[in-house]
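What follows is calculated from the coordinates using simple rules that are stated; it is not laboratory data. Here the structure is a predicted model, which means the values were calculated and not measured. Because the Cβ atoms are built from the backbone with ideal geometry, glycine has one as well, and the counts that use them run over all protein chains shown.
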Ligand SMILES: Nc1nc2c(ncn2[C@@H]2O[C@H](COP(=O)(O)OP(=O)(O)O)[C@@H](O)[C@H]2O)c(=O)[nH]1
Ligand SMILES: [Mg+2]
């Protein structure tokens, strides 16, 4: 009897040991799975992207017959719509506004050249002609730089305020934050919860745009050259000086020629064998890059223009260049951008903080816009 109890006790001890071991193994597996899911960040981005795209693409199925039209039409110098980066911010804002108000987004832009000669609809068809909307009730509002209007979106019932079938809007500000605050629209925007502004822009811009085949062809030629030698990476910078002899009409100065030397030093230190691509608003900076890195520099044809102040040169060729330049930036292994919406947008579409840097106040620092969440 005593022996049997001893035997049972020993068996129980073994059972407990095996059970503890099983629990430990299961726990480790779960922990490992969680880690693989959240790191590296690259995978997190891909997962978010798929979710957002499926949510967002549902929107295109709305059978709506009311419109919000991003509008930028008229003669150069007579009509002002902001630079290209700011226009894109306005377009993203109106895409979100159109969706929460059950309207369709259209884009009509012929200033300085027809947008559809450079970018075409990707998943969402925003192409619409002014003629097809003729006869509908309409209103035009210019709310560029209008913080009062942007702020009002926290409470505004847009369709009650603007009952017209077609609301033409000139806009250059971000609306996703105030719209998310608006009780009327918040439940239509659940997909942006926990998502960084950078990812929101990436998803929407990918839904809206792809390069026109003329630009795509030039992009393919450019990238083919890099792919030929798999050992050479592509290191890029978007250098915005602001007001400078190339675009003397710009109204703000951002960086000095002097401070740009820091970028050349950064390039040399990091990857001496890399291809170098520099896009800039200054012909002087462009020439300096060529003389510094001669054979390693890849350039795109065309003049540098300020899209909202395109007062000289072959403007449509300049517009091809600036859009091609942005699409090249999306493909850079290392990317340094200035504190400018022109460079920020392709950095968002590029979709990762790896190899991403910000050039500001004469210094270059790693930059992660995918880390900031608005709520
Ligand atoms: N090609 C080229 N043009 C640029 C560059 N940076 C600025 N520009 C021009 O200057 C304008 C600046 O306006 P915007 O894009 O709104 O940028 P932001 O004002 O700096 O936020 C752009 O639309 C371009 O026409 C650049 O790196 N390359
Ligand atoms: Mg601007």
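Overview of results
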{"item": "Taking the stretch 57-211 and dividing mean pair separation by its residue count, relative contact order in percent (alpha carbons under 8 Å, at least six apart)", "result": "33 percent"}
{"item": "Cα gyration tensor shape of the stretch 57-211, rounded if a/c is under 1.5, else prolate or oblate by comparing a/b with b/c", "result": "rounded"}
{"item": "Pairwise label distance in nanometres, residue 223 with residue 312, each label 7 Å out on the Cα-Cβ vector", "result": "3.6 nm"}
{"item": "Average Cα contact separation per residue, the stretch 213-366, under 8 Å, 6 or more apart, as relative contact order %", "result": "25 percent"}
{"item": "Mean shadow area of the stretch 266-375, taken as a quarter of the surface of its Cα convex hull (nm²)", "result": "8.0 nm²"}
{"item": "Per-peptide average of other Cβ atoms within 10 Å, ordering 343-350, 186-193, 254-261 highest first", "result": "343-350, 254-261, 186-193"}
{"item": "Highest-first arrangement of 133-141, 310-318, where packing means the average Cβ count within 10 Å", "result": "310-318, 133-141"}
{"item": "Förster-model FRET efficiency, 30 Å R0, residue 191 and residue 252, C-beta, rounded to 0.05", "result": "0.30"}
{"item": "Distance in nm between pseudo-label sites at residue 114 and residue 128 (7 Å out along the Cβ direction from Cα)", "result": "1.9 nm"}
{"item": "Extension gain, residue 243 back to residue 216 (0.36 nm per residue minus Cα-Cα distance, nm)", "result": "6.7 nm"}
